[in-house]
Amino acid sequence: MDNINRIKKLLNDHFDGTPWIDHNIIDTLRSVSAKKAAVKEGELNSIWQIVNHMIAWREALIGRVKDKPIPTPDNNFISDVKDISPKAWKDTLKRFECSQKDIIAFLDKSKDLLLEKISP
């Protein structure tokens, strides 16, 4: 198995497959309510903020490998969640799933040589 396919397998296993840790990311997040996802404990980020952070970094990754770098903002893609409704949480999870599909679609068209490319 080449490295790109190994990376795709790991990303898919951990996202919605059967990883070695027995729990995947999307099923775990689907079991979290919007109310619980929005809770901040002290100075810690909420689950929702972390998911938004992950989405933004996935989008930044795709931009960088396509030579369209997305600058890292001062807040490192962590910001307050304004709409904490159940629909907004569902929409966030849908965006997260789309980010996974985008990465896998990009990797489907890539070769191992991509892994040697230096990000701008």
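Considering segment 106-118 alone, what residues qualify as being among the charged types (D, E, K, R), open to solvent by 100 Å² or more (accessible area, probe 1.4 Å) and part of a loop (DSSP other than H, G, I, E, B)?
Going through segment 106-118, the residues among the charged types (D, E, K, R) turn out to be 108-109, 111-112, 116-117.
Narrowing the set further to residues that are open to solvent by 100 Å² or more (accessible area, probe 1.4 Å) leaves 109, 111, 116.
Those that are among the charged types (D, E, K, R), open to solvent by 100 Å² or more (accessible area, probe 1.4 Å) and part of a loop (DSSP other than H, G, I, E, B): LYS109, LYS111.
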Residue list for segment 88-120, filter: in contact (Cβ under 8 Å) with a residue 60 or more places away in the chain and within 14 Å of the chain's Cα centre (by Cα): LEU93, PHE96, GLU97, GLN100, ILE103, ILE104
Sole residue being within 12 Å of the chain's Cα centre (by Cα) and over 24 Å from MET1 (Cβ atoms), chosen from ILE25, ILE50: ILE50
Search result, residues across segment 86-105 that are open to solvent by 40 Å² or more (accessible area, probe 1.4 Å) and not basic (Lys, Arg): PRO86, ASP91, GLU97, CYS98, ASP102, ALA105
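Could you say which residue among ILE84, ILE104 is closer than 15 Å to ILE7 by Cβ and β-branched (Val, Ile, Thr)?
Details: ILE84 fails: closer than 15 Å to ILE7 by Cβ.
Step by step, each of ILE84, ILE104 is checked, and only ILE104 is closer than 15 Å to ILE7 by Cβ and β-branched (Val, Ile, Thr).
The values are calculated or read from the model by the stated rules, or taken from the named source; none is laboratory data. Owing to the predicted nature of the structure, the values given are computational and were not obtained by experimental measurement. Counting neighbours? That spans all protein chains shown, and the Cβs are built from the backbone with ideal geometry, glycine included. What goes into the accessible areas is simple: the full protein's heavy atoms, side chains included, and nothing from ligands, DNA or RNA. Shrake-Rupley method; radii C 1.70, N 1.55, O 1.52, S 1.80 Å.
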